[in-house]
Structure formats: C-alpha cells, structure tokens
Amino acid sequence: MRPSHLVLATLILSGCAQQKLPALTGPAPSARASTQEAALASTEPAPLGFTVKRYPDGEPHAIASDRGNVVLLDVWATWCEPCRDALPMYENLAKHYAARGLKVYALNVDEDTRAIPTFLQETKVSLPILLDANAEIADKVLRVRAMPTTVIIDRKGMVRYVHEGFAEEFLAKYQSEIELLLAEPAK
C-alpha cells in the first residue's frame with residue numbers, strides 16, 4: 001500500500017466517513033487540538049514554505065506568498081462528511097475577514113480530483129482550492145491525523161493553531177483566534 005493510501009485509509013477508519021465528528025474515541029476534538037497546538041508551540045517554529053497546485057488550472061501557489069496575511073488552511077477531502085459542513089462556514093469567515101487580511105484556502109487531499117466539481121456544486125463553496133494529491137504536505141508538513149484539519153497561520157507564516165475535526169460550536173473559538181492574529185503586527 002502506498003503511503004498516501006495508508007494515510008487515507010487511516011483517515012477513513014478514524015471516522016471521517018461517518019455523519020458525526022471524526023475520531024469519537026479518545027479525547028474531545030478541542031482537547032486533541034490543544035495537545036497538537038502545544039506540540040507545535042514546544043518546537044522551534046518555522047514559516048511554512050510549501051508550494052501546491054491551484055484547482056482547476058494547476059497553477060502553483062506558494063503558501064509563503066501569503067505572508068502578511070492570516071491564513072486559514074482547511075485540509076479536506078470529498079469523501080469527508082464533516083468537510084461538507086466546515087467549508088461553507090469557512091467561506092463565510094473568508095468574506096467577513098477578507099478586508100482585514102484573512103485568506104482562506106481549502107487544501108484537498110483526494111488522489112482523484114474528478115469528485116471536486118460535484119462536491120463544490122453541492123456545498124456551494126467557491127473558496128480557492130489547493131491540491132495535495134498524494135497528501136504529502138498534509139502528512140509530512142502539517143502532520144494531519146484527522147479530517148478535516150484546520151490550520152491557522154499568522155502573518156509571519158507560522159502555524160499558530162491546529163484543530164482536528166469540525167463542529168459548528170468550534171467557530172467561536174476559531175473566530176477568536178483569527179481576531180487575535182489579525183490584531184498582531186505583520187512584522
């Protein structure tokens with residue numbers, strides 16, 4: 001089994017394909033997110049420097065080009081039911097905070113992109129879609145363990161918050177984190 005297939009199989013088995021929040025065993029999603037945030041904070045942070053392709057044109061997009069903005073990067077897949085709920089809400093955040101410097105991207109990890117147009121049409125999402133077809137960035141750089149995973153990056157390009165799973169009640173916390181990061185200077 002290829003590493004990307006193993007990652008996707010693990011994510012499916014973790015509960016993403018269910019109608020409810022993934023990974024219902026173990027700590028609550030907010031507790032798991034706090035644990036991952038603490039792990040990131042305890043290491044020497046480094047700005048993210050990866051480049052992925054934009055959907056549908058395949059143009060390269062370097063995440064470093066967004067420095068100076070706060071970035072919400074949502075890692076998702078077309079087969080992930082909670083992603084159907086999360087992406088439209090992230091689109092609302094993008095509209096609300098765009099003038100203050102928030103950029104929102106949906107990083108898709110599907111190996112086959114043919115399901116993306118139908119997914120976007122059904123969810124009525126028009127966020128910029130970035131492609132990580134072999135989940136290399138999601139696995140090796142972002143260390144994604146559950147779907148969806150939301151990464152919030154500060155104006156300096158540093159990962160400041162990581163949240164696994166999604167439920168509508170998490171939005172207030174995300175907005176609070178976004179507000180804090182938008183209030184920080186870009187330098």
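Points to keep in mind about this one:
- Residue within the range 111-130 that is among the small types (Gly, Ala, Ser), over 11 Å from the mean Cα position of the chain (by Cα) and more than 22 Å from VAL70 (Cα to Cα) present: yes
- Single match in THR78, THR113, THR123 (criterion: touching a Phe, Trp or Tyr at 6+ places or on another chain (Cβ under 6 Å) and of a type in the set (S, T, N, Q)): THR78
- Enumeration of residues in the range 110-153 that are of a type outside the set (D, E, K, R), loosely packed, with under 15 Cβ neighbours inside 10 Å and part of a helix (DSSP H, G or I): ALA115, PRO117, THR118, GLN121
- Looking only at the range 46-105, and only at residues there that are open to solvent by 10 Å² or more (accessible area, probe 1.4 Å), outside any helix (DSSP H, G or I) and touching a Ser or Thr at 6+ places or on another chain (Cβ under 6 Å), the one that is nearest to ILE152 (Cα to Cα): ALA62
- Total residues in the range 154-178 satisfying the condition of being farther than 18 Å from TYR105 by Cβ and crowded, with 20+ Cβ neighbours inside 10 Å: the figure is 1.
- ALA62 vs. criteria out of contact with any strand residue (DSSP E or B) (no Cβ under 9 Å at 6 or more places or on another chain) and modelled with pLDDT of 95 or more: no
- Every residue from the range 166-181 that is of a type outside the set (A, V, I, L, M) and either under 10 Å from the mean Cα position of the chain (by Cα) or part of a helix (DSSP H, G or I) (or both): GLU168, GLU169, PHE170, LYS173, TYR174, GLN175, SER176, GLU177, GLU179
- Lone unmet requirement of (1) surrounded by 15 or more Cβ atoms within 10 Å (Cβ to Cβ); (2) at pLDDT below 95 for LEU181: (2)
- Selected residue (criterion: nearest to ILE63 (Cα to Cα)) from residues of the range 110-161 that are of a type in the set (S, T, N, Q) and touching a residue at least 60 places away in the same chain (Cβ under 8 Å): THR150
- For beta carbons closer than 9 Å, sequence separation of 6+ or different chains, a first residue in the range 76-102 that is farther than 20 Å from TYR55 by Cβ and a second that is among the aromatic types (Phe, Trp, Tyr) and open to solvent by 40 Å² or more (accessible area, probe 1.4 Å), there are no qualifying pairs.
The values are calculated or read from the model by the stated rules, or taken from the named source; none is laboratory data. These numbers come from a predicted model, not from an experiment. Please note: Cβ atoms are built from the backbone with ideal geometry, for glycine as well, and neighbour counts cover all protein chains shown. Keep in mind that these areas ignore ligands, DNA and RNA; they rest on the heavy atoms of the full protein, side chains included. Shrake-Rupley method; radii C 1.70, N 1.55, O 1.52, S 1.80 Å.
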